Amino acid sequence: MNQRWEINEKTETEDVLQPDCLISLTAPKICALRFNGRYHFLGGRFVPPLLANKYNLCLPQYPGASPVVLLKGPSSSDPPTPNK
C-alpha cells in the first residue's frame, strides 16, 4: 500500500507510484478506490462468517481451495496465471 494513501478514507493526493497489481488482505479498504491498475486481488479466506457479519463485510466466494480471489482484472473468471 502506498504510504501516502490513507487506509480508511479516499484521499486526493497525486501518486508517483502506480502499481499494476493490488492485493487487499481481509477486505478491500476505502483507499483501494484510488487503485487504477489492472489486477486487484483479495486474500483473506480466513475471515469467519461471524466476524464478516459483525462488520458487514460482503466477501466474495473463493474459487475451489484458493486463498485469493480476483476482484478486478481483464476477466474476473480467468485470473492471470503466474509466470513459471
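Can you tell me the order of 35-48, 58-71 when each peptide is scored by its average per-residue count of other Cβ atoms within 10 angstrom, highest first?
35-48, 58-71
Can you give me the long-range amide H partners of ILE23? Hydrogens built in the peptide plane at 1.01 Å from N, cutoff under 5 Å, separation of 5 or more residues or another chain.
PHE41
Return the sequence-ordered ³J(HN,Hα) values of region 36-48 in whole Hz as given by the Karplus equation 6.51 cos²θ - 1.76 cosθ + 1.60 applied to θ = phi - 60°, using x for Gly and Pro.
Ordered by residue, 3J(HN,Hα) equals 10, x, 7, 10, 10, 9, 10, x, x, 4, 6, 6, x Hz.
Bear in mind that the values in this text are calculations on the coordinates, not laboratory data. Worth saying up front: this structure is predicted, and the values here are computed from it rather than measured. When we count neighbours, we look across all protein chains shown, and the Cβ atoms used for this are built from the backbone with ideal geometry, even at glycine.
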